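Just so it is clear, none of the values below were taken in a lab; they were calculated from the coordinates. Bear in mind that the values here come from a model prediction, so they are computed numbers and not experimental data. We place every Cβ from the backbone using ideal geometry, glycine too, and count neighbours over all the protein chains shown.
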C-alpha cells in the first residue's frame, strides 16, 4: 500500500497519560497535515509541515500537543497529560504540492 | 479566516433519485474546493474537486458547481445507488495563511434507500 499510513489505528489510554501517534506520508510528499475529527464533525486543522518545518499550528492546539517531522518524512503527534476531551480521530494527510490532500486511515484515541 | 457551512446535515433519497449538497464559504480568496466521501470507519476519499476558474465539473454521476459571486458550491449526485451512502464533506482550501490547509464543512450523511 503506497498511501498514507498511520499507527496505531486505535489507542485507549487513561486520563493524564501521554500518547504518541505516527504518520507516514506518501513518499516524496513534502506537505504534511494533521487534522482532528470528532463524531459528526468535519476534520479540523491542527498543524502543517512543509518538509521538516512546522509552519502553522492551530490556535485550538493547546501546549499539551506537539508534533515533529524530523527528517521531512514521517511525522509524530504527541499529546501529553491526555484529557477526555482529546478523544477523537486524528487524521494525517499529505500533499505533493498539488491541490489534493491524501488522507490516512486515522488513529482513534479514546481517553478514559 | 475561512469558514465553510454545509447543508443539509442528513439527506435520505430513494435509489435512482438525485442528491444535492450545498456549501458556502466566506473567503473570496479561496480557489480550490474538494469534496470528500467518508464511509464508516474509513479515511476521507476525494471524489471530485473544482478550481475557482471553473463553474462546473462533471465525472460520471457526480458533478460540482461553483458560484464565486455568491461564494457557494454544490455537489450533485445523479442516479443514486446504495453504495453512495456515506458522509460527504465539502472543503475550501485556505490561501491567506500560506499553508493551503483545508477548512471543512460539518458533513452530510447521505442515505440511499433501496
> residue A:83 label point, 7 Å along Cα→Cβ, cut-off 14 Å on backbone N: hits in the stretch A:17-47?
Replying inline: A:17
> How many partner chain Cβ atoms sit within 10 Å of a residue's Cβ in peptide B:101-109, on average, as a whole number?
Replying inline: 5
>> Suppose we take every Cα in chain B and form the convex hull; what volume per residue is that in Å³?
In response: 92
>> Pairs of alpha-carbon atoms within less than 8 angstrom and 6+ residues apart define the contacts here; what relative contact order does chain B have, in percent?
In response: 37
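If you take each beta carbon of peptide A:92-100 and count the beta carbons of other chains within 10 angstrom, what is the mean?
Values: counts 1, 4, 0, 3, 0, 1, 2, 10, 5.
Mean inter-chain Cβ contacts per residue within 10 Å come to 3.
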> Which whole-angstrom value gives the distance between the alpha carbon centres of the stretch A:8-64 and the stretch B:1-27?
Replying inline: 26
> For the stretch A:1-81, what is the relative contact order in percent, using Cα pairs closer than 8 Å and at least 6 residues apart in sequence?
Replying inline: 30
>> If you build the convex hull over the alpha carbons only and average its shadow over all orientations, what do you get for the stretch A:32-112? Give it in nm² to one decimal.
In response: 5.6
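Taking other Cβ within 10 Å of each residue's Cβ, how do A:83, B:83 sort, fewest first?
Values: A:83 12, B:83 8.
Starting with the residue having the fewest Cβ neighbours, the order is B:83, A:83.
Give me the orientation-averaged projected area of the Cα convex hull of the stretch A:63-107, in nm², one decimal. Could the numbers behind the result be given before it?
Working: hull surface 16.5 nm².
Mean projected area of the Cα convex hull: 4.1 nm².
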> Say a paramagnetic label sat at a point 7 Å from the Cα of residue A:68, along Cα to Cβ; which residues of the stretch A:5-35 have their backbone N under 15 Å from it?
Replying inline: A:19-23
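For a quick check: sort A:34, B:35 by the number of other beta carbons within 10 angstrom, fewest at the front.
Details: A:34 27, B:35 24.
Going from least to most buried by this count: B:35, A:34.
Which of the peptides B:60-73, A:5-18 is most tightly packed, and how do the rest follow, judged by the mean count of other Cβ atoms within 10 Å per residue? Please list the in-between numbers first.
Working: B:60-73: 15.4, A:5-18: 13.4.
The densest-packed peptide leads the list: B:60-73, A:5-18.
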> In the calculated pair distance distribution of the stretch B:64-113, what percentage of Cα-Cα distances lie above 16 Å?
Replying inline: 55
> Going 7 Å from the Cα of residue A:27 toward and past its Cβ, which residues in the stretch B:36-57 have a backbone nitrogen under 19 Å from where you end up?
Replying inline: none
> Taking one equal scatterer on every alpha-carbon of the protein assembly as shown, how large is log10 of I(q)/I(0) by Debye at q = 0.08, 0.18 1/Å?
Replying inline: -0.29, -1.33
> Per the Debye formula with a single identical scatterer at each Cα and no solvent contribution, what log10 I(q)/I(0) holds for the stretch A:1-45 at q = 0.27, 0.28, 0.29 Å⁻¹?
Replying inline: -1.15, -1.16, -1.17
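Summarise the partner chain shielding of A:44-57 as one whole number: the mean count of Cβ atoms from other chains within 10 Å of each residue's Cβ.
Details: counts 3, 8, 1, 2, 5, 1, 3, 0, 0, 0, 0, 4, 5, 1.
Mean shielding by partner chains, rounded to a whole number: 2.
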>> Run the numbers for residue A:112 and residue A:51: contour at 0.36 nm per residue of separation, minus the present Cα-Cα distance, in nm.
In response: 18.5 nm
